[in-house]
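A.B. asks: First, the structure itself, so that you have it in front of you.
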Amino acid sequence: MKIRFDRLPKRGYAMLQKDFTSDPYILFVPCSEDDKALWGVYFAPKKDAARVDGIFSEAFFERIRLPGAAGTPEQIVKNLQKNIDILNSEIAEVNGQMARLWNEEKWKVAGIYASVCSLARLFELRRCAAVRGAHFFYCVWVAQPDIPAFTESCASVGGLNIAQDMVLPMRR
């Protein structure tokens with residue numbers, strides 16, 4: 001016998017009840033149910049397993065494969081719970097290592113992030129720059145009230161000439 005465990009949507013179960021009542025090998029045994037599906041098992045003889053599996057797949061049976069599952073259902077569940085507990089403890093250990101590493105490196109990462117953000121802003125300024133011969137031009141739009149503060153902040157840059165040739169009135 002082949003044994004298949006898992007979930008069968010209620011519409012698939014209804015289809016099996018309607019279309020395969022005379023087939024002795026099409027029997028789904030529900031163990032529990034939720035609002036959309038039944039959880040259970042069906043059995044198939046080895047010689048008819050492919051045909052029965054095909055019929056259940058048409059009914060949208062979602063099979064669970066339990067590799068390495070051996071023993072009684074209680075033993076299988078107990079072993080699976082042990083595996084889940086081991087994996088959860090490994091996850092907690094890895095999360096702890098990640099938190100420790102982050103605490104050690106967060107200031108370095110924050111510095112790198114700030115540098116990259118600054119470089120990205122500088123890179124965006126390239127669209128306003130031009131070079132002609134030995135002269136470098138940088139063309140920007142500055143609002144009229146901000147011109148004095150802009151001029152003052154540029155004063156610390158040596159050899160910089162600020163030309164205010166094109167002053168346009170702001171439209172409202």
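A.B. asks: Working only within segment 7-40, note down all residues that are assigned to a strand (DSSP E or B), surrounded by fewer than 16 Cβ atoms within 10 Å (Cβ to Cβ) and in contact (Cβ under 8 Å) with a residue 12 or more places away in the chain. Steps first, answer last, please.
C.D. replies: From segment 7-40, those assigned to a strand (DSSP E or B) are 7-9, 28-33, 37-40; that's our starting set.
Narrowing the set further to residues that are surrounded by fewer than 16 Cβ atoms within 10 Å (Cβ to Cβ) leaves 9, 29-33, 39.
Once the filter is applied, which keeps residues that are assigned to a strand (DSSP E or B), surrounded by fewer than 16 Cβ atoms within 10 Å (Cβ to Cβ) and in contact (Cβ under 8 Å) with a residue 12 or more places away in the chain, segment 7-40 yields Pro9, Val29, Pro30, Glu33, Trp39.
A.B. asks: Any residue in segment 94-101 that is small (Gly, Ala, Ser) and in a helix (DSSP H, G or I)? Full working, then the answer.
C.D. replies: Within segment 94-101, the first condition is being small (Gly, Ala, Ser), and the residues that meet it are 96, 99.
Among the residues that remain, those that are also in a helix (DSSP H, G or I) are: 96, 99.
Yes, the conditions are met somewhere in segment 94-101.
A.B. asks: Another question about this same structure. The conditions are (1) assigned to a strand (DSSP E or B); (2) modelled with pLDDT under 75, and Ala163 fails exactly one of them. Which is it?
C.D. replies: (1)
A.B. asks: Let me ask something else. Kindly establish whether Ala129 is over 34 Å from the mean Cα position of the chain (by Cα) and exposed (fewer than 10 other Cβ atoms within 10 Å of the Cβ). Even if it seems obvious, please write down each step before you answer.
C.D. replies: Values: over 34 Å from the mean Cα position of the chain (by Cα): yes; exposed (fewer than 10 other Cβ atoms within 10 Å of the Cβ): no.
Considered against the rule, which asks whether it is over 34 Å from the mean Cα position of the chain (by Cα) and exposed (fewer than 10 other Cβ atoms within 10 Å of the Cβ), Ala129 comes out as no.
A.B. asks: When you go through Glu104, Glu152 one by one, which is the residue that is within 30 Å of the chain's Cα centre (by Cα), at pLDDT 80 or above and either of a type in the set (Ser, Thr, Tyr) or not in a loop (DSSP other than H, G, I, E, B) (or both)?
C.D. replies: Numbers: Glu152 fails: within 30 Å of the chain's Cα centre (by Cα).
Criteria check complete, one pass: Glu104.
A.B. asks: For Asp53, are the conditions met, namely being in a helix (DSSP H, G or I), touching a residue at least 40 places away in the same chain (Cβ under 8 Å) and among the acidic types (Asp, Glu)? Walk me through it before giving the result.
C.D. replies: Values: in a helix (DSSP H, G or I): yes; touching a residue at least 40 places away in the same chain (Cβ under 8 Å): yes; among the acidic types (Asp, Glu): yes.
So Asp53 passes the test.
A.B. asks: Going through Lys78, Lys2 one at a time, which residue ends up being surrounded by 10 or more Cβ atoms within 10 Å (Cβ to Cβ) and touching a helix residue (DSSP H, G or I) at 6+ places or on another chain (Cβ under 6 Å)? Spell out how you get there, then give the answer.
C.D. replies: Numbers: Lys78 fails: touching a helix residue (DSSP H, G or I) at 6+ places or on another chain (Cβ under 6 Å).
Testing whether each residue is surrounded by 10 or more Cβ atoms within 10 Å (Cβ to Cβ) and touching a helix residue (DSSP H, G or I) at 6+ places or on another chain (Cβ under 6 Å) leaves just Lys2.
A.B. asks: Can you name the residue in segment 14-52 that is of a type in the set (Gly, Ala, Ser) and over 28 Å from Asn83 (Cβ atoms) and, of all such residues, is modelled with the lowest pLDDT?
C.D. replies: Ser22
A.B. asks: Also, quick follow-up: If you go through segment 67-74 one residue at a time, do you hit one that is polar (S, T, N, Q) and either modelled with pLDDT of 80 or more or in contact with a strand residue (DSSP E or B) (Cβ under 9 Å, 6 or more places away or on another chain) (or both)?
C.D. replies: In the first step, residues of segment 67-74 are kept if they are polar (S, T, N, Q); the result is 72.
Pick out the ones that are also either modelled with pLDDT of 80 or more or in contact with a strand residue (DSSP E or B) (Cβ under 9 Å, 6 or more places away or on another chain) (or both) and you get none.
Scanning segment 67-74, I find no residue that is polar (S, T, N, Q) and either modelled with pLDDT of 80 or more or in contact with a strand residue (DSSP E or B) (Cβ under 9 Å, 6 or more places away or on another chain) (or both), so the answer is no.
A.B. asks: I've got another one for you. Based on this model, can you work out whether Ile112 counts as aliphatic (A, V, I, L, M), out of contact with any Cys (no Cβ under 8 Å at 6 or more places or on another chain) and within 30 Å of Phe5 (Cα to Cα)? Steps first, answer last, please.
C.D. replies: On the way: aliphatic (A, V, I, L, M): yes; out of contact with any Cys (no Cβ under 8 Å at 6 or more places or on another chain): yes; within 30 Å of Phe5 (Cα to Cα): no.
The answer is no for Ile112.
A.B. asks: Ile55 - would you say it is modelled with pLDDT under 80 and either under 35 Å from the mean Cα position of the chain (by Cα) or acidic (Asp, Glu) (or both)? Reasoning before the result, please.
C.D. replies: Values: modelled with pLDDT under 80: yes; either under 35 Å from the mean Cα position of the chain (by Cα) or acidic (Asp, Glu) (or both): yes.
Taking the combined requirement at face value, the residue satisfies it.
A.B. asks: Among residues belonging to segment 1-42 that are farther than 16 Å from Ile64 by Cβ and hydroxyl-bearing (Ser, Thr, Tyr), point out the one that is farthest from the chain's Cα centre (by Cα).
C.D. replies: Ser22
A.B. asks: Ok, one more. Would a scan of segment 88-102 turn up a residue that is free of Cβ contacts under 8 Å to residues at least 40 places away in the same chain and within 30 Å of Val41 (Cα to Cα)? Show your work before the answer.
C.D. replies: Step one: list which residues in segment 88-102 are free of Cβ contacts under 8 Å to residues at least 40 places away in the same chain, which gives 88-102.
Applying the additional criterion that residues be within 30 Å of Val41 (Cα to Cα) yields 88.
For segment 88-102, residues free of Cβ contacts under 8 Å to residues at least 40 places away in the same chain and within 30 Å of Val41 (Cα to Cα): present.
The values are calculated or read from the model by the stated rules, or taken from the named source; none is laboratory data. The shown structure was predicted, so the numbers you read here are calculated from the model rather than taken from an experiment. Cβ coordinates were reconstructed from backbone atoms using ideal geometry, including for glycine residues, and neighbour counts include every protein chain displayed.
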